[in-house]
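Structure first, then comments.
The values are calculated or read from the model by the stated rules, or taken from the named source; none is laboratory data. It should be emphasised that the depicted structure is a prediction, and the values quoted were computed from it without experimental measurement. A quick note on method: Cβ atoms are made from the backbone with ideal geometry, for glycine too, and the neighbour counts reach across all protein chains shown. We work out accessible area using only protein heavy atoms, side chains counted, and drop any ligands, DNA or RNA first. Shrake-Rupley method; radii C 1.70, N 1.55, O 1.52, S 1.80 Å.
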Amino acid sequence: MTGQRMAIFEAVFKESSHFTAEELLDKARLIDRTVSRATVYRTLPILVESSLVREVDIGTNLKYYMPNREQGAQKAQVICNDCQKIFEIPAPFMEWYGNTVSANLGLTPISQRLQVTASCEELLEKGFCSKSKVETSN
C-alpha cells in the first residue's frame, strides 16, 4: 500500500456523495500532491472489486463512485436527467426480488441494480434545480 493509494482511500471515505475519477484525483491531491491520475484509475477497480466502493453507471460517458459504507445494503438510484444528480434510496425488496426471480429460472443472482431516470419538476416549474450537483449548498 503506497502513500498515493492511502491518500486515494482517505479521499474516497471523506466523500458523502457520488464522485467521478477526476473529482477523486483532485481531492486525493489535496491530501498528497504526488497522487497521479494513473494511480487513481488503477486503484478504483480494486476498490470496486473489493466492495469498498460502488460504481454507478448512469449511461453517460462518466462513471460515478461512492464509498460503500453499508455492506450488503441494497440501494436503488434515482438519477435526475436534467442535473445528473444521483439519489440513493434504500431498496430492501431488491434482494428478495432478485433471489425469487433467479430461483424461478434455476439461477443464482450475482449482482443486481435498480436505476430510475427522472426529470426535475422544480427545473420545469422554476427554471432551476436546487438539488443540482453544481449547487454549493448540497
*Relative contact order of the chain, defined on C-alpha pairs under 8 angstrom at six or more residues apart (%)*: 18 percent
*For the pair Ile58 and Glu88, how long in nm is the line joining their label points, each one 7 Å along Cα→Cβ?*
1.4 nm
*Given the options Phe87, Phe13, Phe128, state which has the largest fluctuation in a GNM of the chain using a 10 Å cut-off (strictly under) for Cα springs.*
Phe128
*How much area per residue is accessible in region 9-138 when the probe is 1.4 Å and only protein heavy atoms are counted (Å²)?*
65 Å²
*Between Trp96 and Ile31, what is the FRET efficiency for a Förster distance of 35 Å, r being their Cβ-Cβ separation, to the nearest 0.05?*
0.30
*Using a cut-off of 15 Å between alpha-carbon atoms, which aspartates and glutamates can reach Lys27, once sequence neighbours fewer than 8 places away in the same chain are excluded?*
Glu10, Glu15
*Dipole axis of the chain (+1 Lys, Arg; -1 Asp, Glu on Cβ), positive-most option in Asn81, Ser51, Leu105*: Ser51
*Please report, as a whole percent, how much of the solvent-accessible surface of region 20-74 comes from carbon and sulfur atoms (probe radius 1.4 Å).*
49 percent
*Rank these by accessible area, largest first, 1.4 Å probe: Glu95, Glu22, Glu88.*
Glu95, Glu22, Glu88
